[in-house]
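What follows is a single structure, written as structure tokens, with notes after it.
The values are calculated or read from the model by the stated rules, or taken from the named source; none is laboratory data. All values reported here derive from a predicted model rather than from experimental measurement. Glycine gets a Cβ as well: all are built from the backbone with ideal geometry, and neighbour counts include every protein chain shown. Please note that ligands, DNA and RNA were not included when accessible areas were found on the heavy atoms of the full protein model with its side chains. Shrake-Rupley method; radii C 1.70, N 1.55, O 1.52, S 1.80 Å.
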Amino acid sequence: MAGFNANLITYLTQQLHLPLVEASNTLTNFGGTSALTPILGALAADAFIGRFWTIIAGSAIYQVGMVGLVVSALLPTLRPPPCSPPATPCQRASGWQLAVLYLSLLCTSLGSGGIRPCVVAFGADQFDQEQRDGGEAAKAAAERKRRYFNLYFFTMGLAMLLAFTVVVYIQDNVGWGWGFGIPAIGMLVSILVFLVGYPIYVLLKPEGSPFTRLAQVVAAAFRKRSAAVPEDPGMLYQDKELDAPISTNGRLLHTNQLTFFDRAAIVTPGDMAPSGQPKPWRLSTVHRVEELKSIVRLLPIWSAGIMLATAGSHNYTFTIAQARTMERHMGPHFQFPPATLSIFSTAAMLLTLAFYDRVFVPLARRVTGLPSGITYFQRMGIGLAISILSVASAALVETKRRGAAARHGLLDEPTAVVPLSVFWLVPQFAVHGIGDAFSSVALMEFLYDQAPESMRSSAVALFWLASAIGNYMGTVLVTVVQRATRGRGEWLQDNINRGRLDNYYWLVTCIMLLNFGYFLVCFHFYTMKPLEVAEEHGDHDKECELPSLQRNGGGGANGMV
């Protein structure tokens, strides 16, 4: 999947002749849409067809989009004629040429909606049965699941590294047909390999739409908004048999936050059907009420991850434009492709993940006593702080690049090469990759761990939804800055030598600082969800925290101190 995204900004500007800002916004919107569709995929997986078949359906749709992009790159009628500015003016792609491209991108967006929310949750599902068995095997399974999240991001990073090197090189030096075709072939092979493993997978049966259950809780609570919540939570409605299909790892216990929703579990006349079953739009169990509370509680911390996507959105747009104006030669015959700069972010992420798992966790474990070394709250906080440094370094480098252009009289020559090595851009990419290795993995693990078990695909979809909103916010921020600075030193323009891209980066840095403070406040007030599980010996139940919560060091503010 990464192969298509690696160099699309080049394809849009050089092959379809779109202006830089329009191409940037197009690519950002495409990334945002691709991250928004997982909500649909999560709904299909959790409510109707399960994760396995959602992955298969999404992969098939994605493959159609890939083929469409290959055809668009191969057929001359699907792109404007080549040009050599300023001698030959460039003809912008026509409406129907763009329509073919956008339809193909839409298919890849829809397809990714079936893949992204289900792959990581489907993999983690394979460990759940071992964890339910209890004993040492459960502890070992919990440790493997923790490492699985690192491995998932490591594998994604490795694929991106290949895309930013091999695929980008082929696109720039062999042709866009092969550059798009190789990832398309790779995707087809991956689908076939995934299908081969069908007999050995653990497949969890979907138990109806979790969003319907959440709506039922809200409706029941609103209907009883005038009812007094009992002081004794034991008086609220419980039904273990009803909740059994959606609480195989244990039922959620009552918490004292968001007590308005507790009204949904108050039994009033007319709430029970003649069969003795509760009417779901009038009465909900405590477990179902706590499902809603769990989702509401995690949303503030989830929202702190949105700015990570906003800050990272310029890595594939404006930064590539900067690289085009810088000295990219490595020896007399080789020029470093601008889009390949992202390999430094990916490589830094891969090295950080390996270092984190093999060195950092064992050392931290000796200090904290936690099997995971540090909590996922601490890991996310570290990632957010590092990401601020990434954007600040981008601002400093752009100031240096623009200063070099001014000294050599190149401010009005946007296509000229500024005598400054492109490798000045490496630190901001590398620091961004390090921050991503901390924050993204932690956010994914947090969402999977703290969401109700019947909504894990939906929880993973929230991860991609944060990316979608972040990309859209990037588009909004670019548009607002462009309009606000138009006519008085425009910050963002096609001639970046005359623009003030450094000011834009400083603005993002300030926003990231505010976001970090917001995360700390949200974390301080966060409460972990309690879970009721059966005793290993005996039939009675006990209250405990989730296994991963025990790994992460307790609830409330204890996880960061």
Matching residues in region 1-13 - criterion: being at pLDDT 70 or above and open to solvent by 30 Å² or more (accessible area, probe 1.4 Å): Thr13
Matching option when the condition is open to solvent by 10 Å² or more (accessible area, probe 1.4 Å) and not in a helix (DSSP H, G or I), among Leu370, Leu389, Leu363, Leu351: Leu370
Whichever residue in region 265-321 is in a loop (DSSP other than H, G, I, E, B) and among the small types (Gly, Ala, Ser) and, among such residues, is most open to solvent (accessible area, probe 1.4 Å): Ser275
All helices (runs of 4 or more DSSP H) inside region 14-87 with 1 or more residues being at pLDDT 85 or above and over 16 Å from Leu98 (Cβ atoms): 38-44, 50-74
Condition met for Glu327 (open to solvent by 20 Å² or more (accessible area, probe 1.4 Å) and either under 24 Å from Ala385 (Cα atoms) or modelled with pLDDT of 85 or more (or both)): yes
Residue, farthest from the chain's Cα centre (by Cα), within region 353-379, restricted to residues that are under 27 Å from Val521 (Cα atoms) and of a type in the set (Val, Ile, Thr): Val367
Count of residues meeting criterion [closer than 14 Å to Leu74 by Cα, of a type in the set (Phe, Trp, Tyr) and open to solvent by less than 80 Å² (accessible area, probe 1.4 Å)] in region 147-190: 2
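Conditions tested, residue by residue: (1) open to solvent by 50 Å² or more (accessible area, probe 1.4 Å); (2) within 30 Å of Pro199 (Cβ to Cβ); (3) touching a helix residue (DSSP H, G or I) at 6+ places or on another chain (Cβ under 7 Å).
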site: Asn25; (1), (2), (3): no, no, yes
site: Ser34; (1), (2), (3): no, no, yes
site: Leu40; (1), (2), (3): yes, yes, yes
site: Arg51; (1), (2), (3): no, yes, yes
site: Leu78; (1), (2), (3): no, no, yes
site: Pro82; (1), (2), (3): yes, no, no
site: Thr88; (1), (2), (3): yes, no, no
site: Tyr102; (1), (2), (3): yes, no, no
site: Ser112; (1), (2), (3): no, yes, yes
Counted residues, region 191-211 - those being within 20 Å of Ala461 (Cβ to Cβ) and open to solvent by less than 60 Å² (accessible area, probe 1.4 Å): 5
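Residue-by-condition table, conditions (1) in contact (Cβ under 8 Å) with a residue 40 or more places away in the chain; (2) buried (at least 23 other Cβ atoms within 10 Å of the Cβ); (3) among the basic types (Lys, Arg):
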| position | (1), (2), (3) |
| --- | --- |
| Pro419 | yes, no, no |
| Val422 | yes, yes, no |
| Val426 | yes, no, no |
| Ser439 | yes, yes, no |
| Ser454 | yes, yes, no |
| Val478 | yes, no, no |
| Glu490 | no, no, no |
| Arg498 | yes, no, yes |
| Tyr505 | yes, yes, no |
Criterion (at negative phi and at pLDDT below 90) met by exactly one of Ala354, Ala321, Ala348, Ala304: Ala321
In region 212-247, the residues that are basic (Lys, Arg), farther than 29 Å from Phe122 by Cβ and open to solvent by less than 60 Å² (accessible area, probe 1.4 Å): Lys224
In region 204-253, residue modelled with the lowest pLDDT [restricted to those that are of a type in the set (Val, Ile, Thr) and under 16 Å from Lys279 (Cβ atoms)]: Thr212
Boolean, Arg144 is assigned to a helix (DSSP H, G or I), touching a Phe, Trp or Tyr at 6+ places or on another chain (Cβ under 8 Å) and at negative phi: yes
Selection count where residues are closer than 18 Å to Trp281 by Cα and assigned to a loop (DSSP other than H, G, I, E, B), scope region 230-264: 4
Whichever residue in region 476-492 is within 29 Å of the chain's Cα centre (by Cα) and not in a helix (DSSP H, G or I) and, among such residues, is modelled with the lowest pLDDT: Leu492
Hey, Val296 touching an Asp or Glu at 6+ places or on another chain (Cβ under 8 Å), modelled with pLDDT of 90 or more, more than 30 Å from Ser421 (Cα to Cα) and of a type outside the set (Gly, Ala, Ser) or not: no
Failed item in (1) in contact with a strand residue (DSSP E or B) (Cβ under 6 Å, 6 or more places away or on another chain); (2) among the charged types (D, E, K, R); (3) over 16 Å from Arg498 (Cα atoms), with Arg366 passing the rest: (1)
Restricting region 330-345 to residues that are part of a helix (DSSP H, G or I) and at pLDDT below 85, the residue that is most open to solvent (accessible area, probe 1.4 Å): Ile343
